[in-house]
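Okay, structure first, notes after.
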Amino acid sequence: MTERRDSVSTPTEGSATRREFIKTGAVTAVSGAAALMASGNYAYAQGSDKIRIGLIGCGGRGTGAAAQALNADPGVVLTAMGDVFKDQIEAHIATLKDQPKIGTRVQVAPEMQFVGLDAYKRVLDTNVDVVLLTTPPGFRPRHIKAAVDAGKHIFAEKPMATDVEGVRIGLAAVRQAKAKKLNFANGFCFRKNLSHREFYQKLHSGAIGKIRHVHATYLTGPVKSMPPATARPAGMSDTEWQIKNWYNFVWSCGDGLIEQACHSIDKIMWAMGDIPPVKAVGTGGRVLPNNEGNIYDHIDVFYEWADGTRGTMAQRQIPCQHNDNSDYILGAKGFATIHGWQPVIHTDPVWNYTGVRRDMYQVEHDELFASIRKGTPMNDGEQMAQSTLVGLMGRMAAYTGQEITWDMMQQSKESLFPEPLNWNGALPVPPMAVPGKNVFI
């Protein structure tokens, strides 16, 4: 079970209200760095101490994250793994051990391989210092909370959650992590891309003037199609079937806008100085048959900020001749683009990034483990929560056909995660959303 993989806007008087969701619900916690070091949960010696990591969610993205963590620091050792499928653990231990630079540091004994819906708890009960959370995002907020409660440093893949209640759970936990001086790194990887960092810094410094419109595209083919019911093995429970096909269900995936195109929404937010929009409308639906699944395969969202600035998001997962993953940013004095991950500012002369290029996925882990070593905790959890919530705002607008405001999102009671989740139990699938019939929750 795994996951797939200076402000440009002037704050207005309404900014405090729009940020209320992100500002409220802070958790008080008392635990300093010295206490964490004494407890053995804080690796701090420069390159000399072993840092034990645990992987929760052992599919393709999880294995990639584990490899990047092992490559980030020569003292990192993988000692525990958890997943709902035993074969996932076994296959990816073999994959990691096969890699020459890191294979000897994959030291997961049989008794440290945990299987089941509670596997994450058993990984957290071990002596790992850091956990990598790479399960489907429906599980993520509860895993984040449990990891913080256990005093672990965290890398959590994007997005934070698939519903508003999940964002609340995750946000409270990352605030508690900050109070405990725990490191928290999120998987919005474009923020770790060195070329993008310089690009957005120049935009925020006024390279194209005040930003007036951002258009992002995430137009691609299907990720994981839902098999027909006839392909379901006899005796397989609803829960197992849905987790095995997790990308096709809103509670586990969040829809393509949330699970995949959330990267583009995060870049819209980055361009806008991480000030949330005041409202959004959206359209979407399903072109391809989805059998028992209930996610859309295309959504367009139209965001608006308090000063009239607009942001648009075009997302689809349908086989087409043309795919595009780009960003188009219009300012008062010019425009800028990112095509194929290559940022360009169309000024005179044109600016192109000429600096060092590094794998942004590796940078995520390099910076996390460097922070652990230095004892200067990083925490980008609030950015993760806010970008996720802006994505959920767009999905809610498309699913309901309503105009959804940021204030409405703060009050939303949307909670999709099945409670309790029973491996052998029934898990009915809600029908696919119909705009005009589905209501705001």
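The values are calculated or read from the model by the stated rules, or taken from the named source; none is laboratory data. Everything numeric here is computed off the predicted structure, so don't read it as measured data. We place every Cβ from the backbone using ideal geometry, glycine too, and count neighbours over all the protein chains shown.
For Arg175, the conditions (1) in a helix (DSSP H, G or I); (2) closer than 30 Å to Trp341 by Cβ; (3) not assigned by TED's automatic domain parsing to the domain that holds Ala261 are fulfilled apart from (2). For segment 319-351, which residues satisfy the criterion of being farther than 22 Å from Asp266 by Cα and of a type in the set (Val, Ile, Thr)? Answer for segment 319-351, where residues must be farther than 22 Å from Asp266 by Cα and of a type in the set (Val, Ile, Thr): Thr347, Val350. Scoring Thr63 on the criteria (1) at pLDDT 90 or above; (2) of a type in the set (S, T, N, Q); (3) within 13 Å of Asp129 (Cα to Cα) leaves a single failure, condition (3).
Among the residues making up segment 258-309, those that are in a helix (DSSP H, G or I) and touching a Gly at 6+ places or on another chain (Cβ under 6 Å) are Ile258, Cys262, Ile265, Ile268.
Conditions tested, residue by residue: (1) surrounded by fewer than 19 Cβ atoms within 10 Å (Cβ to Cβ); (2) not in a loop (DSSP other than H, G, I, E, B).
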{"position": "Ala161", "(1), (2)": "no, no"}
{"position": "Glu165", "(1), (2)": "yes, yes"}
{"position": "Arg168", "(1), (2)": "no, yes"}
{"position": "Leu171", "(1), (2)": "no, yes"}
{"position": "Leu182", "(1), (2)": "no, no"}
{"position": "Ala185", "(1), (2)": "no, yes"}
{"position": "Ser195", "(1), (2)": "no, yes"}
{"position": "Gly206", "(1), (2)": "yes, no"}
{"position": "His213", "(1), (2)": "yes, yes"}
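Within segment 223-238, residues that are under 27 Å from Ala261 (Cα atoms) and in the same structural domain as Asp297 (by TED's automatic domain parsing) reach partners that are of a type in the set (D, E, K, R) and assigned to a loop (DSSP other than H, G, I, E, B) with beta carbons closer than 7 Å, at six or more positions or on different chains, in the pairs Val223/Arg4; Met226/Glu292. Looking at segment 387-408, can you tell me whether even one residue there is within 24 Å of Pro141 (Cβ to Cβ), assigned to a loop (DSSP other than H, G, I, E, B) and in contact with a strand residue (DSSP E or B) (Cβ under 9 Å, 6 or more places away or on another chain)? The answer is no, given that none of the residues of segment 387-408 is within 24 Å of Pro141 (Cβ to Cβ), assigned to a loop (DSSP other than H, G, I, E, B) and in contact with a strand residue (DSSP E or B) (Cβ under 9 Å, 6 or more places away or on another chain).
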